[in-house]
Amino acid sequence: MFQEEVKEVGGLRLHVIPTKKYKTNTLVLKMKAPLCEQDVTMRALIPYVLQNATERHPSMKALRTYLDELYGATLQVDLAKKGEHHIITIRIDVANEKFLGGTSPLLRDAMTLLSDMLFRPLTEQGGFSASIVEQEKRALKQKIQSLFDDKMRYAQHRLIEEMYKGSPYALDVHGKRHDVDSIDAKRLYKHYEHMLKHDEIDLYVVGDVMLDDIEHDVAERFSLEARSRRSTTTPTRMKRTNVQEIVEKQDVKQGKLHLGYQTNTTYNDADYDALQVWNGIFGGFTHSKLFINVREKASLAYYAASRIESHQGMMMVMAGIEPSNYERALEIIHAQAEAMRNGQFSDEEIAQTKAVIRNQLLETIDTARGMIELSYHNVIATRQRPFHEWLEGIEKVTREDIVRVGENVELDTIYFLTEKDGEKR
């Protein structure tokens, strides 16, 4: 279990999670804004530009050398999509000076570096460094291209794109390739200034630390205007009269069969725990119905699994199959969903699924990153729920709860990526 203390510090929400578990301290800054076609590609570029250089460390080499001086501190950036939000993450892990015998204030130095990245990035002529922006534009194009090369990720992306056509959730977290070229260093910097004023910004500090000390250091280094918190919007739910079926042909050997379901249940809802157990029995784990019946018994799939998107109310089923097994695989997947609706699962399956979910959650809080990700669910959602309530909620789920939540799970879209010459049959 872990305790979290939350404080508003100007325009920033500070989360301190004190723990003596680690010999490192972790700083994670998250910037959240609604997904929007006009700016998603610029947002995808910005963290990679920021991690290149600051005024004080004006090149990638200088910045990396400085991290080495901080006893091998590490810096990472990342992008994520949670519900209809685009989230930028900047993370610094640094050794806790208490274990080094020296007096160097490593956590403060790391915090200063994070502040420099945010407020004093390398700029020229009213924009970011043009050479850094051009370098990161090339890298972003490669990232977007890599999605098309990884057919499992591509099928996942295409399913979501078709299922949520016209809504923010259809957007990919890395933006659009054809928007990259039109971005220049000045336009990007102008958008970044807008983000600093309007994004919801959360800073997490995890380690052997005291809230009062951290609050003082953060107030000193992160001067952000207060902002109103956006109310969490209900995700777009497309109501379809018929299941849509999309078949795309490419030069692939293995077919990718991805199904999208509306669960009509999100992290905010009381039935969210029951949905987690439902998904666990259906396809979340190696003991689940999909894995056993589609992959093991029928030998129809190289992989078969399901997962839920906690903040969108969506469940995705993924199976890698021989193109000729399309109809049979669909038939078995539908049969497993029907069995779930009819309550055809044993008490043993319920108990096993709850145990696996519990172990997963406990493993997650073994790492600083895991604790932060679990806590951040409460920022995305309107529901505030401490970790122990999550564990208790899973334990309390009954057979009736599982059947009830399953009544709301509706198949929306079938997407099949298959070989060019073969026909689905």
### Task
Taking the residues in the range 96-113 that are modelled with pLDDT of 95 or more and in contact with a strand residue (DSSP E or B) (Cβ under 6 Å, 6 or more places away or on another chain) as candidates, determine which candidate is nearest to ILE46 (Cα to Cα).
ALA110
#### Entry: Complete set of residues in the range 340-373 that are in a helix (DSSP H, G or I), more than 17 Å from ILE292 (Cβ to Cβ) and open to solvent by less than 20 Å² (accessible area, probe 1.4 Å)
ILE357, LEU361, ALA368, GLY370, MET371, ILE372
### Query
In the list VAL252, VAL218, which residue meets the criterion of being open to solvent by less than 60 Å² (accessible area, probe 1.4 Å), in a helix (DSSP H, G or I), more than 30 Å from GLY393 (Cα to Cα) and touching a residue at least 60 places away in the same chain (Cβ under 8 Å)?
VAL218
### Every pair of residues 6+ apart whose Cβ atoms lie under 9 Å, when the first sits in the range 161-174 and is more than 10 Å from GLN312 (Cβ to Cβ) and free of Cβ contacts under 8 Å to residues at least 12 places away in the same chain while the second is open to solvent by 40 Å² or more (accessible area, probe 1.4 Å) and of a type in the set (Ser, Thr, Tyr)
GLY166/THR236
### Message
Among the residues that make up the range 74-92, is at least one of them closer than 30 Å to ASN264 by Cβ and small (Gly, Ala, Ser)?
### Response
yes
### Query
If you scan the range 1-23, which residues turn out to be more than 11 Å from MET371 (Cβ to Cβ), open to solvent by less than 40 Å² (accessible area, probe 1.4 Å) and assigned to a strand (DSSP E or B)?
VAL9, LEU12, ARG13, LEU14, VAL16
### Query
For the range 24-105, list the strands (runs of 3 or more DSSP E) that sit wholly inside it and hold at least 3 residues that are open to solvent by less than 10 Å² (accessible area, probe 1.4 Å) and within 25 Å of GLY11 (Cα to Cα); which are they?
24-34, 85-95
### Task
Report, by residue number, each residue of the range 274-326 that is open to solvent by less than 20 Å² (accessible area, probe 1.4 Å), under 29 Å from GLU373 (Cα atoms) and in a helix (DSSP H, G or I).
ALA274, LEU275, VAL277, TRP278, ASN279, GLY280, ILE281, PHE282, GLY283, LEU290
### Message
Considering only residues that are in a helix (DSSP H, G or I), open to solvent by less than 80 Å² (accessible area, probe 1.4 Å), within 30 Å of SER375 (Cβ to Cβ) and of a type in the set (Asp, Glu), which ones fall in the range 170-210?
### Response
none
#### Entry: Residues satisfying the stated conditions in the range 147-164, i.e. open to solvent by 10 Å² or more (accessible area, probe 1.4 Å), within 18 Å of the chain's Cα centre (by Cα) and under 16 Å from VAL252 (Cβ atoms)
LEU147, MET152, ARG153, TYR154, GLN156, HIS157, ARG158
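The values are calculated or read from the model by the stated rules, or taken from the named source; none is laboratory data. All of these numbers come straight from a predicted model, not from anything done at the bench. Reconstructed Cβ throughout: ideal geometry from the backbone, glycine too, with neighbour counts over all protein chains shown. In case anyone asks, the SASA skips ligands and DNA or RNA and just uses the protein heavy atoms, side chains included. Shrake-Rupley method; radii C 1.70, N 1.55, O 1.52, S 1.80 Å.
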